[in-house]
Amino acid sequence: MNLFITGTDTGVGKTYATVLLVKALRQAGYDTAAMKPICAGERSDAEQLFEACGGTVPLNEINPIWYRTPAAPYTAAMVENRPVDLALLRDGFARLRQRHRSLIVEGVGGWMVPLEADFFVADLAAEFGLPVAVVVHNRLGALNHTLLTVRDIRARGLTFAGLIFNEIDPGDDVATATNAAILEELLSMKPLFVIGPGAATLKLPASLAG
């Protein structure tokens, strides 16, 4: 399995979902590697992915660019006077793809987070060319953010792999109770994965479980 994982927003559980998926694939016998092209702020996301890969992929290959400023990469790059090195990201991705049959790439922030003034996470995903999965935090507002993200993925001619539905802190409101069913109806597809509250493992579909 090869995926580019994006989210409907920051803080929706992309790293959580990516870590669970990488661990599940590796436990199923895949040589899965992970990549977090850019970290801005703490580097804990990349460190978690390093651990999920069992230490088999060097941290600096998982995360080629690290800004200490907790902001969008374009903002952090200006603050630190260090433009995003797109060539470094492209080369790093190509090397991981060459060495591993299975690669999971986690984006930074949401789909339209800027890396440069005219280059966004969506553009990087398009260059990488992997199917795109969208992590959705089940909460009020999820429908709008999800549908906008999926519409743009499809408009760019990219493969929409499906939703990763993340039940981080399920509420008891109508939106939380109905979001999954409504998105399944509107997108005409079931979620790729559903992550329950506090899940420590992810169940792979039979086609991937080996």
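The values are calculated or read from the model by the stated rules, or taken from the named source; none is laboratory data. Everything numeric in this text was worked out from a predicted model, so none of it was measured. All Cβ positions, glycine included, derive from the backbone under ideal geometry; neighbour counts span all protein chains shown.
The set of residues in region 158-183 being in contact with a strand residue (DSSP E or B) (Cβ under 7 Å, 6 or more places away or on another chain), part of a helix (DSSP H, G or I) and at pLDDT below 95 consists of Ala180 alone. Go through region 111-129 and report how many residues are under 11 Å from the mean Cα position of the chain (by Cα) and within 15 Å of Thr18 (Cβ to Cβ). Here the count works out to 2.
Among residues of region 186-197 that are within 7 Å of Phe165 (Cα to Cα), those with a beta-carbon under 6 Å from a residue that is in a strand (DSSP E or B) and aromatic (Phe, Trp, Tyr) at least six positions away or on a different chain give the pairs Pro191/Phe165; Val194/Phe165.
Per-residue answers, yes or no, for (1) assigned to a loop (DSSP other than H, G, I, E, B); (2) of a type in the set (Asp, Glu); (3) within 21 Å of Val121 (Cα to Cα):
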site	(1), (2), (3)
Thr6	no, no, yes
Gly11	yes, no, yes
Ala17	no, no, yes
Lys23	no, no, no
Gly29	yes, no, no
Ala46	no, no, yes
Glu51	no, yes, no
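Of the residues that make up region 142-153, is at least one under 26 Å from Ile104 (Cβ atoms) and exposed (fewer than 13 other Cβ atoms within 10 Å of the Cβ)? Checking region 142-153: at least one residue is under 26 Å from Ile104 (Cβ atoms) and exposed (fewer than 13 other Cβ atoms within 10 Å of the Cβ). Pairing each residue of region 92-114 that is farther than 17 Å from Asn60 by Cα with any residue that is of a type in the set (Lys, Arg) and crowded, with 18+ Cβ neighbours inside 10 Å, provided the two are 6+ apart or on different chains, yields C-beta distances under 9 Å for Ser102/Arg26; Gly109/Lys14.
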